[in-house]
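Below is one structure, written out as structure tokens; the observations come after it.
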Amino acid sequence: MSIKFLLDENTPYALIDLLESGGFTAMHLKKIGKGGIRNGEVYEFAEKNKMWTITRDADFQNIQKFSNHQVAGIILIKLTLSKTGSLLKTIKRFLDKYNDKLSEKFSPGKGFRYKLHDKMLPGKPDIRNTCIKEVFL
């Protein structure tokens, strides 16, 4: 069974192609006519369809909101270098590293949340390193 992703309206359409070329199923909220829906509705849609949510919306880092829903998980993108090319490279690297965990079965109310962010490299103020923070719920 293919891993399914729900892309929040604040993610680029190019992410659809990247995910589908990797064998995943991807739906973008705007492309399915759900642009502008409230975060609770995003959770409900992801839960109903057993999907991971990919978003840039900081509201999704609130663990209390997430734990009440049985979504597969959330990938929160917090990158300073947010151009589409940088974002796609980060997501590709993330999928290469965590693909096995994304397909694991979770018990109700349990799941994963990943936060993709960048930080300054020590001694190199103009160079950033993308970090992936794994949070078990």
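Observations on the structure shown:
- Candidate set from the range 51-60 (those that are part of a strand (DSSP E or B) and out of contact with any Gly (no Cβ under 8 Å at 6 or more places or on another chain)); member that is nearest to L102 (Cα to Cα): I54
- Whichever residue in the range 20-50 is over 26 Å from K83 (Cα atoms) and either part of a loop (DSSP other than H, G, I, E, B) or touching a helix residue (DSSP H, G or I) at 6+ places or on another chain (Cβ under 6 Å) (or both) and, among such residues, is modelled with the lowest pLDDT: K50
- Pick from the range 15-28, criterion surrounded by 13 or more Cβ atoms within 10 Å (Cβ to Cβ) and small (G, A, S), ranking: nearest to R38 (Cα to Cα): A26
- Checklist (1) modelled with pLDDT under 80; (2) surrounded by fewer than 16 Cβ atoms within 10 Å (Cβ to Cβ) applied to A72, failing item: (2)
This table checks each residue for (1) surrounded by fewer than 18 Cβ atoms within 10 Å (Cβ to Cβ); (2) at pLDDT below 80; (3) in contact with a Ser or Thr (Cβ under 9 Å, 6 or more places away or on another chain).
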site	(1), (2), (3)
N62	yes, yes, no
L76	no, no, yes
L81	yes, yes, yes
T84	yes, no, no
K101	yes, yes, no
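- Answer residue from the range 5-19, given it is within 11 Å of the chain's Cα centre (by Cα) and not in a loop (DSSP other than H, G, I, E, B) and is nearest to T90 (Cα to Cα) among those: L15
- Failed condition for G109, given (1) within 14 Å of L7 (Cα to Cα); (2) at pLDDT below 80: (1)
The values are calculated or read from the model by the stated rules, or taken from the named source; none is laboratory data. On a predicted model such as this, the values are computed, not experimentally measured, just so you know. Counting neighbours? That spans all protein chains shown, and the Cβs are built from the backbone with ideal geometry, glycine included.
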